[in-house]
Amino acid sequence: MAIDRHTAIKVDNVSKLFRIPHEKHTTLKAAVLNVFSKKRYTEFQALNKISFEVKKGEFFGIIGRNGCGKSTLLKIIAGIYLPTSGKVKNDGRISPFLELGVGFNPELTARENIYLNGAILGLTRKEINERFDEILDFAELEEFVDMKVKNFSSGMHVRLAFSVAIRAHAEILLIDEVLAVGDANFQTKCINEFAKFKREGRTIMFVTHDMGLVENFCDRALLINRGKLSQLGKPRNIAYEYNLINELEKEKELAAENIGNEGNRDSNRWGDGFAKIEKMWMEDENHEQKHIFDQEQDKIIYIKARIKFYRTAENPIFGIIVRTPGNHDIYTTNTLWQEMETGNFSSGQEIVVEFALKNHLTKGDYLISAAIAYSDAKRYYDWRDNWYRFSISSNKISSGVVSLESKISILES
Amino acid sequence: MKNIDSFKYYGLVRELTLTDFKLKYKASFFGYLWSLGKPLMLFGVLLVVFTKFFKMGNAIPNYPVYLLLGIVLWTYFVESTFASLSSIVGKGDLIRKVYFPRIILTISASVTALITLLLNLVVVMIFMVFSKVSPSISSPLLLLVLIEFFFFASGVSLLLASLFVRFRDISHIWEVFAQALFYATPILYPLSLVPGELGKFLMLSPLAQIIQDSRYVLITTETDTVFNTLSFPFSLIPYSLSIVIFIIGYWIFQKEASKFAEEI
């Protein structure tokens, strides 16, 4: 397979199949004892017929959810894994690292680690000598050069690792989520360094979750979903597609988690059980059941609960609490506080209680607790704590828990 | 695989060896002396046992130096194989994340042991001077024997390192095996004490050949070597075994190496 001179990496029909044995024999004894027994495997298709080309000087992003196969792809390109089928060709020196600071030895000083890590990245001693001051200067660690790396903060660690890594004069850099660490100041420095690489015409391939980086830096991006190439193209389109996939997957996850609701989370439940909350679900304004609501479009959210009585109940209280995953109450309401008479119910009767809420929540996950109490508000029929999980999505950026729907204007003084 | 020519892997072997060596001796005050302590202690004990209790040593001229050299060489073999055994598994993090020829890790573990051997040999020489053993003219030939030894030990090391990735009980098996090998090699007893055919059989082992050859070229020509124990075509067996074991070890290692990252 020849590649033309404008191509840096050519990935041709690459598949990777992992065979995960049901029982792994890690000893010779076990291997000998089981030599005649049939080996059973679970097969996992990590990558499925992926083909694409990266051009020289291109800034190429690889995006996908956790476990979609993007790191496996990068490892195959780096030569760490062999593909099950297909071929990878590259033209130009590939940096052999995927993660920063691999091979750092905590017992060695920064100086010694620069030489060791440099050698791992393929630099000779002479080349490291030439770059030594530059590396230290970039990492801002001149004073700590003779300190053992085990005493470094994680920020110092990353800075040192990054500084060595970018001095490995590879023409093709493979980077696996490196910018997730380091302070904002250093991140800016790294991004500037990347911009410099780009000007120098080096090829960079990096795996990330950060859509901002992808949109700002990448010339092209690749979206992988469940081991398959889902889309290849402009970063903006890829980022949009990624968000869609993300929500779809999340909807599935939440649905699976909330279905049945019986003891599937460490949710606490207490009460005498003479009335029970059987089921809970959420709907949007069109009374469509879902788990993810849009911050802008879904103005009203319905929380519904089916309740069954096992004994007659006089004027019971129905209530809910909405909490953040960090267990902070955001909103609590019940029929007692709203001065509502709920009525009398007989044994065997089933009802549905609906709470219609204005959606003031911002992007994030939320938990609902639901409860039925006796009319004296001192004893409970049923309390299901942090029982149901839902999510709010948004295209806009805001921070905090509640959207106070601000309008910003600039006025003449 | 990729870019082998453009990378200077020699530098990596050196840095890894240096690191191993530094870490091994950094934490303790006596540093290198510790690694000398073990063979010297064994030497002291065996010397007393075999010269005072059994009087076996009296049969060989310069028995103390003779014994010390054997122990120092044996120590190299043990250190090299045990350090190499875990050289791949112990560096799992590196292997999963960086590409470079995996053999570098095992070779640098072997080289670390080799450096210790060279230092220990200096001690043997000093010991020789004190016991007034005059080195023979053939001493420089020791270099050839050491080269053979390095290849033999590396072959075994490569084999063990690649097997250990799959079978974690290899370390225990090897421990027992090495123990047996120690007694099956003429280190503390002279080969002349082993009756007839068995003695010839023991001499087929490259280890026996290497240790006896070293003694022959360095200490005394009265040492039994393959050449005066075995007849001509058979005398080549231990040398060929060294080469064959290296080739097998290398071949198996390279065959397995591409799967290390997934299996660790």
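The values are calculated or read from the model by the stated rules, or taken from the named source; none is laboratory data. What you see is a predicted model, and the numbers here were worked out from it, not measured in a lab. Please note: Cβ atoms are built from the backbone with ideal geometry, for glycine as well, and neighbour counts cover all protein chains shown. Just so you know, the surface numbers come from the protein's heavy atoms only, side chains and all, with ligands and any DNA or RNA stripped out. Shrake-Rupley method; radii C 1.70, N 1.55, O 1.52, S 1.80 Å.
Considering (1) open to solvent by 80 Å² or more (accessible area, probe 1.4 Å); (2) farther than 30 Å from B:Glu262 by Cα; (3) among the basic types (Lys, Arg), the lone condition that B:Arg215 does not fulfil carries the number (1). Among the residues making up region A:124-143, those that are farther than 20 Å from A:Lys189 by Cα and either in contact with a Cys (Cβ under 6 Å, 6 or more places away or on another chain) or open to solvent by 60 Å² or more (accessible area, probe 1.4 Å) (or both) are A:Arg125, A:Lys126, A:Asn129, A:Glu130.
Just one of the numbered conditions (1) open to solvent by 70 Å² or more (accessible area, probe 1.4 Å); (2) part of a loop (DSSP other than H, G, I, E, B) is not true of A:Tyr331: (2).
Once region B:92-107 is narrowed to residues that are within 7 Å of chain A (Cβ to nearest Cβ) and either open to solvent by less than 30 Å² (accessible area, probe 1.4 Å) or of a type in the set (A, V, I, L, M, F, W, C) (or both), the residue that is farthest from A:Ile77 (Cα to Cα) is B:Leu94. Of the listed requirements (1) at negative phi; (2) not in a loop (DSSP other than H, G, I, E, B), A:Ile80 misses just one: (2). Scan region A:298-315 and give yes if some residue there is assigned to a helix (DSSP H, G or I) and touching a residue at least 40 places away in the same chain (Cβ under 8 Å), otherwise no. No - not one qualifying residue is present in region A:298-315.
Mind counting the residues in region A:35-50 that are part of a loop (DSSP other than H, G, I, E, B) and open to solvent by less than 50 Å² (accessible area, probe 1.4 Å)? So the answer is 0. Determine whether region A:365-375 contains at least one residue that is under 22 Å from A:Glu283 (Cβ atoms) and open to solvent by 30 Å² or more (accessible area, probe 1.4 Å). Yes, region A:365-375 has at least one match.
Being more than 14 Å from chain A (Cβ to nearest Cβ) and open to solvent by less than 60 Å² (accessible area, probe 1.4 Å) is the filter here; which residues of region B:249-264 pass it? Hits for region B:249-264 are B:Gly249, B:Ile252, B:Phe253.
B:Ile247 satisfies every condition listed in (1) more than 30 Å from A:Gly79 (Cβ to Cβ); (2) under 18 Å from the mean Cα position of the chain (by Cα); (3) in contact (Cβ under 8 Å) with a residue 40 or more places away in the chain except (1).
For region B:75-87, the set of residues classified as crowded, with 21+ Cβ neighbours inside 10 Å and not β-branched (Val, Ile, Thr) consists of B:Tyr76, B:Phe77, B:Glu79, B:Ser80, B:Ala83, B:Ser84, B:Leu85, B:Ser87, listed by residue number. For region A:66-88, the candidate set comprises residues that are open to solvent by 30 Å² or more (accessible area, probe 1.4 Å) and more than 18 Å from A:Asn13 (Cβ to Cβ); within that set, the residue that is farthest from the chain's Cα centre (by Cα) is A:Ser71.
Among the numbered conditions (1) out of contact with any helix residue (DSSP H, G or I) (no Cβ under 9 Å at 6 or more places or on another chain); (2) under 24 Å from A:Pro235 (Cα atoms); (3) in contact (Cβ under 8 Å) with a residue 24 or more places away in the chain; (4) more than 10 Å from chain B (Cβ to nearest Cβ), tell me where A:Ser85 comes up short. It fails just one condition, (2). Taking the residues in region A:9-34 that are within 10 Å of chain B (Cβ to nearest Cβ) and open to solvent by less than 50 Å² (accessible area, probe 1.4 Å) as candidates, determine which candidate is nearest to A:Ser51 (Cα to Cα). Looking at residues that are within 10 Å of chain B (Cβ to nearest Cβ) and open to solvent by less than 50 Å² (accessible area, probe 1.4 Å), I get A:Lys16.
Kindly list the number of the only condition in (1) in a loop (DSSP other than H, G, I, E, B); (2) polar (S, T, N, Q); (3) at pLDDT 90 or above that fails for A:Ser369. Failing condition for A:Ser369: (1).
Taken over region A:89-123, the criterion of being open to solvent by 30 Å² or more (accessible area, probe 1.4 Å) and either more than 9 Å from every other protein chain (Cβ to nearest Cβ) or of a type in the set (Ser, Thr, Tyr) (or both) is satisfied by A:Lys89, A:Asp91, A:Leu100, A:Pro106, A:Arg111, A:Tyr115.
Considering each residue of region A:55-77, count those that are more than 9 Å from chain B (Cβ to nearest Cβ), assigned to a helix (DSSP H, G or I) and not hydrophobic (A, V, I, L, M, F, W, C), and give that number.
Total satisfying the criteria: 3.
Residues in region A:334-363 that are surrounded by 12 or more Cβ atoms within 10 Å (Cβ to Cβ), touching a strand residue (DSSP E or B) at 6+ places or on another chain (Cβ under 8 Å) and within 18 Å of A:Tyr374 (Cβ to Cβ): A:Asn334, A:Thr335, A:Leu336, A:Thr342, A:Asn344, A:Phe345, A:Ser347, A:Gln349, A:Ile351, A:Val353.
Cβ-Cβ contacts under 9 Å between residues 6 or more apart (or on different chains), taken from a first residue in region B:18-29 that is at pLDDT 75 or above and of a type in the set (Val, Ile, Thr) to a second residue that is surrounded by 16 or more Cβ atoms within 10 Å (Cβ to Cβ) and not in a helix (DSSP H, G or I), are listed as B:Thr19/A:Asn105; B:Thr19/A:Leu108. Among helices (runs of 4 or more DSSP H) entirely within region B:153-248, having at least 2 residues that are within 14 Å of chain A (Cβ to nearest Cβ) singles out B:170-184. A:Ile238 satisfies every condition listed in (1) open to solvent by less than 30 Å² (accessible area, probe 1.4 Å); (2) touching a helix residue (DSSP H, G or I) at 6+ places or on another chain (Cβ under 6 Å); (3) closer than 17 Å to A:Asn66 by Cα except (2). Can you tell me how many residues in region B:168-184 are more than 15 Å from the chain's Cα centre (by Cα) and crowded, with 18+ Cβ neighbours inside 10 Å? Of the residues in region B:168-184, 1 are more than 15 Å from the chain's Cα centre (by Cα) and crowded, with 18+ Cβ neighbours inside 10 Å.
Taking the stated definitions as given, is A:Ile175 facing chain B (nearest Cβ under 10 Å) and buried (at least 21 other Cβ atoms within 10 Å of the Cβ)? No, not satisfied.
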